[in-house]
Amino acid sequence: MSTTTAPRLSREPGTAAPVRIVHLGIGAFARAHQAWLTGLADTAGEWGIAAFTGRSTTVADELAPQGGLYTLITRAAEGDRTEIVDSIVAVYPGSDIPTWSALVAADTTALITLTITEAGYRLGADGALDTSEPAVRADIEGFGHRDPETAPGRLVHGLAARRAAGAGSIAIVSCDNLPGNGELVRAMLADFAAAVDPGLAEWIAAHVACVSTSIDRITPRTTPEDIETAAELTGFSDASPVVTEPFFDWVLSGDFPAGRPAWELAGARFVEDIEPFEARKLWLLNGAHTLLASAGRLRGHETVAEALADPVCRGWVEAFWDEAARHLTAPELELPRYRAQLIERFENPRIRHNLAQIALDNVTKIRLRILPVLRAEREAGRTGEAAARAVAAWATLELAAPAAERTLSEILSALDPALTEEPALLARITGLVAELGTR
């Protein structure tokens, strides 16, 4: 049975929380996860979020007229629960660099949070900032003379404004599916800043704390039917509701020199060593999604739930989990319980998580979610068959693309040259591609 909340269609003047968090990359996941958790934790109304879009201005166009208010639909098998979230107090297009810089530079701003997706970090194959990429190169060469277009450029531009304003230290909290995302942000900022102003790079090293996180909540794309559901259940005509599952997880590790919301009140966990939690999430949940995004579509499925209902796909997922679990040994990870939760989440019949959506930016995702398991298995003297199958499923789709002109070796080498340097591994992936191409 569905439940509803009383709608809050507007705020009274002066009742919005003051801006203390600036968010880059506002989308459905950010609103289902950290914005929602911030609202739950901020019982005193002290931690308002000013949100900026990434590449598209759509969310700003939809949310700005609503004052940042949005409906969160928590979709369980037994029904929907709705609530109107008010933690976002202002929404801007990412191209509004003057407002971005002014808010980052404000001494009242304590946090920058990020959901810019893996591709937004502009990483090269070596995991470092790709300063040769045209957009990154343009931001570096035009720094101080033109508005930045990339996320690294915007971050450093905002931090340069904070330095110039004499504001204090700040924390950046990455909420993207990247291992060691806090350290990655630190390295990304250092590389970009060093290329434009060594003094700025020194200031960032001394005044910017980069927090690592492991984040988890399935958030499928909102449909027109979801917009109708939100209006029916709340009476609020919301142009941009968000649908999510009941489960959520947020693990954080790092320092907050200017303070933070009491996120632990909403269920977040703070740990000294985040690496085991990152690996569990990236390999088991995200790795299974990435496997299914290719293998499930090869077998004619459109959603995670459909693919997992296929015994063949489910067997491939379980085999991949078995391989990954051999390298996740910390007892606090509770792997049997976590795997059971994943099956329940994937099988939720009312969460339509499209495989084509998951497959976006698949090259980066395979490098982060599949290849580490494959390498670990090979180094342990095993074949890494299940991880190799995930690579092969992706490669099979790449070869079948209408404009495909590359050979399998070329495709694999672009993903990771090591895949073609070991004859036995290349032969096995080639064999798996042949098998998958006939299914």
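The values are calculated or read from the model by the stated rules, or taken from the named source; none is laboratory data. Keep in mind it's a predicted model, so treat the numbers as computed, not measured. No Cβ is skipped: glycine too gets one built from the backbone with ideal geometry, and neighbour counts run over all protein chains shown. What goes into the accessible areas is simple: the full protein's heavy atoms, side chains included, and nothing from ligands, DNA or RNA. Shrake-Rupley method; radii C 1.70, N 1.55, O 1.52, S 1.80 Å.
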Strands (runs of 3 or more DSSP E) (entirely within the stretch 163-246) containing at least 2 residues that are over 30 Å from N362 (Cα atoms) and open to solvent by 20 Å² or more (accessible area, probe 1.4 Å) = none
Cβ pairs under 6 Å, 6+ apart, first in the stretch 201-227 and over 30 Å from P257 (Cα atoms) and touching a residue at least 40 places away in the same chain (Cβ under 8 Å), second open to solvent by less than 10 Å² (accessible area, probe 1.4 Å) and small (G, A, S) | T219/A32
Looking only at residues in the stretch 323-366 that are among the charged types (D, E, K, R) and open to solvent by 70 Å² or more (accessible area, probe 1.4 Å), which one is farthest from the chain's Cα centre (by Cα)?
-> R326
Residue list for the stretch 89-104, filter: buried (at least 20 other Cβ atoms within 10 Å of the Cβ) and farther than 22 Å from G144 by Cβ = V89, V91
The lone condition E149 fails out of (1) open to solvent by 10 Å² or more (accessible area, probe 1.4 Å); (2) of a type outside the set (S, T, N, Q); (3) closer than 17 Å to E278 by Cβ; (4) part of a loop (DSSP other than H, G, I, E, B) is (3)
Could you grab me the full set of residues in the stretch 397-419 that are open to solvent by less than 40 Å² (accessible area, probe 1.4 Å) and β-branched (V, I, T)?
-> I411
May I ask you to verify whether I116 is touching a residue at least 12 places away in the same chain (Cβ under 8 Å) and in a helix (DSSP H, G or I)?
-> no
Selection count, the stretch 28-45, where residues are assigned to a loop (DSSP other than H, G, I, E, B), surrounded by fewer than 20 Cβ atoms within 10 Å (Cβ to Cβ) and in contact (Cβ under 8 Å) with a residue 60 or more places away in the chain | 1
If you check D107, D80, D130, which single one turns out to be surrounded by fewer than 16 Cβ atoms within 10 Å (Cβ to Cβ) and among the acidic types (D, E)?
-> D107
Tell me which residues, restricted to the stretch 9-68, are out of contact with any Pro (no Cβ under 8 Å at 6 or more places or on another chain) and of a type in the set (S, T, N, Q).
-> S10, T15, Q34, T43, S56, T58, Q66
Mind checking whether some residue in the stretch 377-384 is of a type in the set (D, E), within 27 Å of H327 (Cβ to Cβ), open to solvent by less than 40 Å² (accessible area, probe 1.4 Å) and modelled with pLDDT of 95 or more?
-> yes
Kindly list the number of the only condition in (1) touching a Lys or Arg at 6+ places or on another chain (Cβ under 8 Å); (2) buried (at least 21 other Cβ atoms within 10 Å of the Cβ) that fails for L155.
-> (1)
Restricted to the stretch 264-289 and to residues being in a loop (DSSP other than H, G, I, E, B) and free of Cβ contacts under 8 Å to residues at least 60 places away in the same chain, the residue surrounded by the most Cβ atoms within 10 Å (Cβ to Cβ) is V271
The one condition in (1) more than 29 Å from R186 (Cα to Cα); (2) open to solvent by less than 10 Å² (accessible area, probe 1.4 Å); (3) not in a helix (DSSP H, G or I) that R75 fails to fulfil | (2)
In the stretch 19-40, residues that are within 19 Å of T222 (Cβ to Cβ) and among the hydrophobic types (A, V, I, L, M, F, W, C) total 7
